[in-house]
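Only one structure is covered here, and it is reproduced in the block below.
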Amino acid sequence: MNAPTGSLRAGPDANGHFGEFGGRYVAETLMPLILELEQAYIAAKADPAFQAELDDLLKHYVGRPSPLYFAERLTEELGGAKIYLKRDELNHTGAHKINNCIGQILLARRMGKTRIIAETGAGQHGVATATVAARFGLPCTIFMGARDIERQAPNVFRMKLLGAEVKAVESGSRTLKDAMNEALRDWVTNVHDTFYIIGTAAGPHPYPELVRDFQTVIGKEARAQILEREGRLPDLLVASIGGGSNAIGLFHPFLDDKDVRIVGIEASGKGLTTHEHAASLAGGRAGVLHGNKTMLLQDEDGQITEAHSISAGLDYPGIGPEHAWLHAIGRVEYQSATDTEALEGFQLLCRTEGIIPALEPAHAIAAVARIAPTMAKDQIIIANLCGRGDKDIFTVAAALGVTM
Amino acid sequence: MSGDRLSTRFAACAAQGRAALVTFVTAGDPDLATSAEILAALPGAGADVIEIGMPFTDPMADGPAIQRGNLRSLAAGTTLRKVLAMVTDFRKADDATPIVLMGYFNPLLAFGPERFAAAAKAAGIDGCIVVDLPPEEAGELAPALAAHGLHLVRLATPTTDAHRLPTVLSGASGFLYYVAVAGVTGANSAAATDVAEAVARLKASTSLPIAVGFGVRTPEQAAAIATHADAVVVGSAIVDAIGAAAEERANDIPARVAAQVAALAQAVRTARTEKAA
């Protein structure tokens with residue numbers, strides 16, 4: 001595919017396509033609602049009152065802007081480029097997910113919807129959704145794979161404390177993709193009053209666009225902050241990718257800055273040569289699932305295969321369609337990190353900076369540890385620290401052979 | 001496209017003053033051999049049109065019954081190629097009963113739209129319903145199907161308003177499938193009066209036969225729909241019965257399905273005369 005001319009930030013097109021990816025592959029029952037959502041979002045974007053309310057909540061409820069922190073000891077340890085961390089783990093609820101949830105619940109209210117549903121894997125998006133539902137006084141149902149419920153008991157309890165109903169999904173592989181199937185089934189059954197808050201920059205148009213837009217607050221802040229601190233743009237951006245909402249949020253405001261190298265990190269689980277990974281770009285093919293065309297882990301018959309990652313947040317067989325497109329045109333470089341490398345990145349950040357990262361951004365830290373030493377000392381890296389690691393200490397302890 | 005199996009069959013049913021019975025089974029459920037026997041038994045039991053589900057790992061528009069049918073089929077090793085082979089075998093004994101494949105887009109995309117259309121036509125398939133392929137995204141499949149003389153059946157739903165309907169109808173062929181309830185397959189039933197209104201509304205905009213499905217489980221429900229619609233689709237109830245029979249390792253699954261379909265056919269065939277009487 002030839003690189004398009006003009007801005008790389010102009011997508012998607014009117015039908016929600018990023019190149020061959022994206023689109024609206026949903027049951028006909030949902031089509032009128034998807035089109036209505038698109039119109040509502042267009043109107044909201046043009047409404048200064050909507051933006052003002054969003055900005056106010058991001059500042060006073062979420063705690064934005066998040067700091068851009070110079071990781072001095074990590075930089076010294078790796079002995080290469082200067083490393084800055086975008087501290088989205090300091091947000092209310094401990095991850096970037098809340099940026100999107102605030103935006104979507106404001107849209108839901110604008111559309112007169114009175115009930116919220118969402119899917120969740122590790123529970124972070126479920127907690128963020130339950131949080132905004134409580135804040136706005138709307139009933140909320142979270143779909144979560146039965147297997148994930150067993151693995152993530154603390155987040156299940158958090159969601160319940162916040163007043164959400166958590167529905168265990170027993171179908172299929174009983175993980176994130178099945179939770180998304182079940183959320184879509186609920187939505188198609190309750191279209192009249194229900195708003196579906198999708199957690200990542202994927203799904204049918206306009207979700208990939210609107211989730212991205214709500215997450216670009218990360219990149220817009222980072223751009224202003226680095227210009228203020230260093231007087232120039234960074235040489236490299238790094239972020240981890242499951243569906244890819246934190247990454248597109250950081251990357252998007254820099255896509256047209258062609259001197260900024262951009263690297264996304266997929267989870268390669270137990271290794272790309274095994275079948276136990278979640279790297280849909282490195283190991284997948286173009287296909288259609290959950291309302292969009294994108295790169296998917298699938299067998300030769302087009303049946304979706306299981307993803308694996310030590311990080312439940314990256315454990316998904318697809319990726320947002322804009323990433324699939326940025327990969328196809330070569331603007332963003334996609335690499336991967338294994339479970340083992342992520343665990344090393346996790347411990348490295350704990351030890352050098354006193355920050356316990358979530359296992360998702362630990363993949364980005366692993367990539368930084370690999371790339372920074374190859375760069376000059378006056379070069380600059382920004383890595384997205386999209387979540388804190390409290391939720392992962394049990395998983396990490398088990399992986400390190402520690403009994404708590 | 002006159003003279004093809006679908007239009008011939010719908011015209012024949014209309015001439016008899018009755019609705020057609022469309023029965024849905026998932027290909028390869030509970031296994032390919034049994035599934036082929038079920039398929040062969042359907043026309044004799046009274047199925048006018050056969051819908052065959054192509055199994056998919058993530059059937060997002062289906063309720064628990066058909067989800068389980070999909071997983072039973074995949075566990076038994078069903079692939080799209082084997083589904084097409086099964087239809088080829090079926091056609092050796094029956095060249096009249098229309099067969100419509102129903103499923104999700106990804107397995108077709110993986111097979112290749114052009115290759116699929118050619119193979120489906122050669123197998124004796126008459127049309128396709130692709131649940132997650134709305135008109136806006138149909139460009140990747142519709143030309144290939146049309147080039148091989150296969151129908152792409154469109155779906156209208158309770159959420160399809162007057163503004164949306166023309167988009168649904170543009171390029172629709174074979175018949176129009178009315179999804180009677182907003183929800184997944186096997187959900188609650190629609191009220192017969194709502195269905196009657198919807199069918200009348202659709203008939204004002206299209207000359208295609210209207211088939212009504214979702215939430216039609218019993219002969220009584222089928223008969224109620226058959227007084228208004230050109231065709232009645234029954235799926236989850238049959239798939240549920242296959243699942244229950246497979247669970248108890250029954251060796252007479254095709255006969256059981258045939259008996260169930262015969263009762264549905266009887267109800268559909270007499271619905272309008274019963275009502276008149």
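A compact table of results
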quantity: Residue under evaluation B:His228, criteria (1) open to solvent by less than 10 Å² (accessible area, probe 1.4 Å); (2) away from chain A (no Cβ under 14 Å); (3) outside any helix (DSSP H, G or I), criterion not met; calculated: (1)
quantity: Residue that is nearest to the other protein chains (Cβ to nearest Cβ), among those in region B:107-135 that are within 22 Å of B:Asp62 (Cβ to Cβ) and either at pLDDT below 95 or more than 19 Å from the chain's Cα centre (by Cα) (or both); calculated: B:Ala110
quantity: Residue in region A:61-88 that is farthest from A:Val368 (Cα to Cα), counting only those that are open to solvent by less than 10 Å² (accessible area, probe 1.4 Å) and under 21 Å from the mean Cα position of the chain (by Cα); calculated: A:Val62
quantity: Residue check for B:Val153: without any contact (Cβ under 8 Å) to a residue 40 or more places away in the chain and β-branched (Val, Ile, Thr); calculated: no
quantity: Meets criteria (within 14 Å of chain A (Cβ to nearest Cβ), closer than 30 Å to A:Asp193 by Cβ, open to solvent by 20 Å² or more (accessible area, probe 1.4 Å) and not aromatic (Phe, Trp, Tyr)) for B:Pro166; calculated: yes
quantity: Cβ-Cβ under 6 Å pairs, at least 6 apart or on other chains, region A:96-116 side closer than 15 Å to A:Gly243 by Cα, far side in a helix (DSSP H, G or I); calculated: A:His96/A:Asp88; A:His96/A:Asn246; A:Lys97/A:Gln124; A:Lys97/A:His125; A:Lys97/A:Ala128; A:Asn100/A:Val211; A:Asn100/A:Phe214; A:Asn100/A:Gln215
quantity: Candidate set: region B:136-151, residues that are open to solvent by 20 Å² or more (accessible area, probe 1.4 Å) and on the phi < 0 side of the Ramachandran plot; chosen: the one nearest to the other protein chains (Cβ to nearest Cβ); calculated: B:Glu136
quantity: Conditions (1) at pLDDT 95 or above; (2) in contact with a Ser or Thr (Cβ under 7 Å, 6 or more places away or on another chain); (3) open to solvent by 30 Å² or more (accessible area, probe 1.4 Å); number of the one not met by A:Ile310; calculated: (1)
quantity: Some residue of region A:277-297 being aliphatic (A, V, I, L, M), open to solvent by 20 Å² or more (accessible area, probe 1.4 Å), away from every other protein chain (no Cβ under 14 Å) and touching a helix residue (DSSP H, G or I) at 6+ places or on another chain (Cβ under 7 Å); calculated: no
quantity: Residue within region A:3-15 that is open to solvent by less than 50 Å² (accessible area, probe 1.4 Å) and polar (S, T, N, Q) present; calculated: no
quantity: Per-region count, region A:46-99, residues farther than 22 Å from A:Ala133 by Cβ and hydroxyl-bearing (Ser, Thr, Tyr); calculated: 4
quantity: Some residue of region A:195-218 being β-branched (Val, Ile, Thr), crowded, with 24+ Cβ neighbours inside 10 Å and in contact with a Phe, Trp or Tyr (Cβ under 6 Å, 6 or more places away or on another chain); calculated: yes
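Quick grid of which residues meet (1) at positive phi; (2) assigned to a helix (DSSP H, G or I); (3) within 14 Å of chain B (Cβ to nearest Cβ):
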residue	(1), (2), (3)
A:Met159	no, yes, no
A:Gly163	yes, no, no
A:Val166	no, no, no
A:Trp187	no, yes, yes
A:Gly199	no, no, no
A:Lys220	no, yes, no
A:Arg223	no, yes, no
A:Ile248	no, yes, no
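The values are calculated or read from the model by the stated rules, or taken from the named source; none is laboratory data. Everything numeric in this text was worked out from a predicted model, so none of it was measured. Every residue, glycine as well, gets a Cβ built from its backbone with ideal geometry; the counts of neighbours run over all protein chains shown. Remember, those area values only see protein heavy atoms, side chains included, never the ligands or the DNA or RNA. Shrake-Rupley method; radii C 1.70, N 1.55, O 1.52, S 1.80 Å.
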